[in-house]
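K.L.:
Before anything else, here's the structure in question.
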Amino acid sequence: MVVLCVDGVDCYYGSVKVLEDVRFSVKERDFVGILGPNGSGKTTLLRSVTRTLKPHRGVILLNDVDVYTLKSSEVAREMAVVPQDTVITFNFTALDIVLMGRNPHLGRFQMEGERDIAVARKSMELTNTWHLAERPINELSGGERQRVIISRALAQEPKILLLDEPTVHLDINNQLEIMDLLEELCIKRGLIVLAVFHDFNLAVRYCNSAILLKEGKIFSAGDVEAVLTSENIKSVFQVDAIVKKHPFTNSLYVIPVSTPKAPLSRNLSVHIICGAGTGTTLMKIMADEGYSVTAGVLNVLDTDYETAQLLKIPVVGEAPFSQITEEAHRANLEMMSKAGAVVLTSVPFGFGNMRNLEAVKEALEKGIPTYVMEEVPIQRRDFTKGKAGKLLMELKRRRAIFVMSQNELLSLLNISEEKLKMAEEVPTKIPGHLKPEEKPRQGDRADDVKSSDHRG
Amino acid sequence: MVDERDLTGKNGVETAYFRRFSRWKLLLIILMAALMLTIFLSLNVGFAQIPFHTVLWILVKRVPFLGSLVGSPNVSYVEETIIMQIRMPRVLAGALVGAALAAAGVVYQGIFKNPMADSYILGVSAGAAVGASLAIVLGIGFTFFGLSTVPIAAFASSIIAVFVVYNISRVGSRVPVTTLLLSGIAVSIFLSAIVAVLQVVAGGKLHVIVFWLMGGFSYVEWRDVWAVLPLVCFGTVATYFFARDLNILSLGEETAQHLGVDVEKVKKLLLILGSLVTAAAVSISGLIGFVGLIIPHITRILIGPDHRILLPTSTIIGSTFLVICDAVARVIVSPVELPVGVITALSGGPFFIYLLRKKKESYTV
């Protein structure tokens, strides 16, 4: 049983402390991902394990022996390293490079023998590079070269494989191929894999445990699903992320949501009526643009509801899969009356959320400028036997502003916001919003519908 | 679709790989024979006209057993002296110096991963120049184990120069190659300035210094050869044991460490061997440029980057090349001798450029 144990390691570059009290241990069949932002000490950790950077404090034990007391060749027989990038000075062939992996097994005066070639061949076949054996290494593509380098590591016949962002130069199919290979080696041959990742999704898909580093310290370590939570990602990377279980792969997946660089502040508050995911991108964009956004009424399990929660948008919620109750409706109207504008997305209507449409009508009656997005024609999303369609026509008559796209909506809101500002400066003018200059174009509606069909 | 591998046989690549080893052996035997032939032919070259068969007799006579068989032909004492006491040591010195410079050049290019590296990179040449110039200017007349002052001073001061360069670059137990390279250049420039000063104050001995700096084998005697032979042979052959390490070092020092090479130890040993060998060569020949830079490159273009074959072939080719250059230098504007460094540069430069142009696609350093 091979065990690697890192115990209380402190590392310095000069006088700068880059690792502090790092301790963990890995054993056979562990597939460990090391994650963390740039400069958090991931590569340093690998370098201290591979004896490139000696820790000031603490020990690294390989099978209970301090690695810094071992000979280079002894370590190299147990532990192989795949670096981030490899610059090869002289133009060796791919096979030459892989055979260099046999070095720790060869005596100083020994030439490679049958077995060494056989091991090299096997390693190259595993990474699908045997056909490149006689090609000069510097003529290979980045991906091919990286696979050759991995073969070289495998040719060492190591028990532990350390990789520093192994797939960073590879395209997506090569990434998966290499990761599948590593997983297989890990499961079938008990290889310990310890790899630095930038890609959360590769990490969660393949690793069984993870180490999350922050500023040189272990922030969280253990089972990958326990480590990669959106809270941890938020506090280590300062990035909001959605972490969900993927229905096909049954592993977690992580979607980082970018945070706005410098939120603009705008005076206009916008109430969005959406649902079924139709408001997700809109809420995100509007929030980034600096509008104060509210939303309602949304069922609790709705995607839009989750987005609103994530973006910390005030929202009127309703129990999952249930009709909008009178209570929620009233709360919605209440919230809406405070808004400077109301937006209705191309949400599908059933009897459950008809009340939202009625709320829009009331907003119009109160004189709140109302924008209706019609990316998908109402006929295709009306599950109320035409009731919703009729109500929508009613809104149109009452001069709701119909828009065909998000961009159109945003530019109209922008204009009205500017008018609002001007109105504040010149109080004689009536404060308010852009009035629709003309009735929405109806003649070309049919064409627009077709062109936007696929988006529905 | 037919896979190419199926056509070449399943074990095509493996067989080719092992065939390479026997090809290497053959190559070395051929090159060694070529060197012997070159040495023999260059014994025939010189101001005094000595017939070919006479030279052959003189040599065969000295071979045990074979010598007694051929009997005693009519060879004059003068001819024998010219061949054995004048030409022979000089030709052998050329062979030794060429071997040393080329081997050290390969080693340094391997360690530094820099195509500009040559055998003089660590200040060996500048150090030797200071020592030799100083000995010439001061005119110190003592001898040491039968050797004259100038080679000893050159050898000693070049070793000191390398020692200084090494210690300037040392950080703890490590020696970063970039620092080594730069401090080598800095120390060389500094020492060259001292040589310039010595030249100015040399007065009537100026021409002696200038000739020494240009390099050549005019004054080489047997005792010089005997002094240098063990150092060069031992040093050069010792580097071969680190050929695989040099291969791996070309992947970068960190990677080499991961592949089980004790990088700092190997580097230190190779630097010592390279300096020792170069210093020994320079002490008897003066500064002969180009061999330590161009021969490794030419050999690498011709046979590839594997140091296991590159080192020995480079040694033999360097040896052969310098023997030829010296022979040419002796006779091309006879009776005046050209400095051998002129010949190495004039012939090696264009040939190198030709190879570089011809093979530039596949040649990267």
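The values are calculated or read from the model by the stated rules, or taken from the named source; none is laboratory data. Predicted model, so just to flag it, every value in this text is computed and none were measured. A quick note on method: Cβ atoms are made from the backbone with ideal geometry, for glycine too, and the neighbour counts reach across all protein chains shown.
K.L.:
In this structure, is residue A:149 in a helix (DSSP H, G or I) and within 30 Å of the chain's Cα centre (by Cα)?
P.N.:
Considered against the rule, which asks whether it is in a helix (DSSP H, G or I) and within 30 Å of the chain's Cα centre (by Cα), residue A:149 comes out as yes.
K.L.:
Just checking, how many residues over segment B:212-251 are surrounded by fewer than 18 Cβ atoms within 10 Å (Cβ to Cβ), within 14 Å of chain A (Cβ to nearest Cβ) and outside any helix (DSSP H, G or I)?
P.N.:
So the answer is 1.
K.L.:
Sticking with this structure for a sec: Regarding segment B:326-334, can at least one residue be identified that is within 19 Å of residue B:33 (Cβ to Cβ), surrounded by 23 or more Cβ atoms within 10 Å (Cβ to Cβ), at pLDDT 90 or above and not basic (Lys, Arg)?
P.N.:
Yes: segment B:326-334 contains one or more residues that are within 19 Å of residue B:33 (Cβ to Cβ), surrounded by 23 or more Cβ atoms within 10 Å (Cβ to Cβ), at pLDDT 90 or above and not basic (Lys, Arg).
K.L.:
Scan the strands (runs of 3 or more DSSP E) fully inside segment A:181-280 and keep the ones with 1 or more residues being among the aliphatic types (A, V, I, L, M), surrounded by fewer than 22 Cβ atoms within 10 Å (Cβ to Cβ) and more than 16 Å from the chain's Cα centre (by Cα).
P.N.:
Hits in segment A:181-280: A:217-223.
K.L.:
Just for strands (runs of 3 or more DSSP E) wholly inside segment A:17-122: which have at least 2 residues that are closer than 23 Å to residue A:195 by Cα, under 32 Å from the mean Cα position of the chain (by Cα) and in contact (Cβ under 8 Å) with a residue 24 or more places away in the chain?
P.N.:
Of the strands (runs of 3 or more DSSP E) lying wholly inside segment A:17-122, those with at least 2 residues that are closer than 23 Å to residue A:195 by Cα, under 32 Å from the mean Cα position of the chain (by Cα) and in contact (Cβ under 8 Å) with a residue 24 or more places away in the chain span A:31-35, A:79-82.
K.L.:
With the structure loaded, tell me whether residue A:385 is part of a loop (DSSP other than H, G, I, E, B) and free of Cβ contacts under 8 Å to residues at least 40 places away in the same chain or whether it fails that test.
P.N.:
So residue A:385 passes the test.
K.L.:
Does residue B:282 fit the bill of being β-branched (Val, Ile, Thr) and either more than 14 Å from chain A (Cβ to nearest Cβ) or in contact with a Leu (Cβ under 6 Å, 6 or more places away or on another chain) (or both)?
P.N.:
yes
K.L.:
Same structure, new question: Among (1) exposed (fewer than 14 other Cβ atoms within 10 Å of the Cβ); (2) more than 10 Å from chain B (Cβ to nearest Cβ); (3) under 30 Å from residue A:16 (Cβ atoms), where does residue A:64 come up short?
P.N.:
(3)
Rundown of residues vs (1) within 14 Å of another protein chain (Cβ to nearest Cβ); (2) in contact with a Gly (Cβ under 7 Å, 6 or more places away or on another chain), yes/no style:
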site: B:260; (1), (2): yes, no
site: B:264; (1), (2): yes, no
site: B:291; (1), (2): no, yes
site: B:296; (1), (2): yes, yes
site: B:317; (1), (2): no, no
site: B:339; (1), (2): no, yes
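K.L.:
Would you confirm whether or not segment B:33-43 contains a residue that is in a helix (DSSP H, G or I), out of contact with any Lys or Arg (no Cβ under 7 Å at 6 or more places or on another chain), at pLDDT below 90 and surrounded by 11 or more Cβ atoms within 10 Å (Cβ to Cβ)?
P.N.:
no
K.L.:
Out of the residues in segment A:123-144 meeting the condition of being assigned to a loop (DSSP other than H, G, I, E, B) and either within 36 Å of the chain's Cα centre (by Cα) or without any contact (Cβ under 8 Å) to a residue 12 or more places away in the chain (or both), tell me which one is nearest to residue A:175 (Cα to Cα).
P.N.:
A:127
K.L.:
Of everything in segment A:121-173 that's more than 19 Å from residue A:83 (Cα to Cα) and buried (at least 18 other Cβ atoms within 10 Å of the Cβ), which residue is farthest from the other protein chains (Cβ to nearest Cβ)?
P.N.:
Per the stated criteria, the residue is A:132.
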